[in-house]
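To start, the structure itself, in structure tokens.
Every read-out reported here was derived from the displayed coordinates using simple, explicitly stated rules and does not represent laboratory data. These numbers come from a predicted model, not from an experiment. Note that each Cβ is placed from the backbone with ideal geometry, even for glycine, and that neighbours are counted across all protein chains shown.
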Amino acid sequence: MRFVLIDRIQEIEPGKSLVAVKNLSLAEEYLADHFPGFPVMPGVLMLEAMTQSAAWLIRATEDFRHSTVLLRSVKMIKYGSFVEPGRQLSIQVELAGDLSDPKNIPMKGKGVIDGQVMVQGRFSLTCGNLRDRDPDLAGADAALVEHLRDLYSTLLKGSVGSKAQSKVG
């Protein structure tokens, strides 16, 4: 994953839910263009932050069984207000079904600031491994999973003593 749009995982209950945070800083490169003189987090990046949060929930639940977890579909997304630099978006995602079909995992999520919903909706994820398409890519799967485990550990480090550590560790 090239752009990590969450800064910390605060709480996780594998198989159920995850809470993460995104601290929006004026240093975010895309804010120079969105919009000049009125910098706000683009709605598509709010959706991506929810998608990434949901992917961490799936990875933790399945012990990183899949090297890729991708957005499959968006059912309904509603936006509440603008997210400006200096604000912290709390991203809450939960499994909205079961994990029986890794090609269609239903999720629901929302992004909240000070009790106000900024984004919410339902979406689904799809999971897989590169080796499923080409057995020669098994090494790439292993390298991706190792990288993702390291990144996950980093995202949890800021949560020492929180529900995230106690329920995952």
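Under the combined filter of DSSP loop state and at most 12 neighbouring Cβ atoms within 10 Å, region 24-117 retains these trypsin sites (Lys or Arg not before Pro): Lys103.
Enclosing the Cα atoms of region 8-156 in their convex hull gives a volume equal to 121 cubic angstrom per residue.
Cβ-Cβ distance of Arg131 and Gln88, R₀ of 41 Å, FRET efficiency by 1/(1 + (r/R0)^6): the value works out to about 0.60. Annotation: extensible slack from Gln116 through Met76 equals 12.6 nm (criterion: 0.36 nm per residue apart, minus Cα-Cα distance). Note on Ala32 and His147: their simple-model spin labels are 2.5 nm apart, each label 7 Å out from Cα toward Cβ. Karplus-derived 3J(HN,Hα) values for region 96-113, using 6.51 cos²θ - 1.76 cosθ + 1.60 with θ = phi - 60°, are 9, x, 10, 9, 5, 10, x, 8, 8, 9, x, 9, 9, x, 7, x, 10, 10 Hz; glycine and proline are entered as x.
How big is the charge dipole of region 82-130 about its Cα centre, in debye rounded to the nearest 20, if each Lys and Arg gets +1 on its Cβ and each Asp and Glu gets -1 on its Cβ?
Details: 5 positive and 5 negative charges, 18 e Å.
Using Cβ point charges on Lys, Arg, Asp and Glu, region 82-130 gives about 80 debye.
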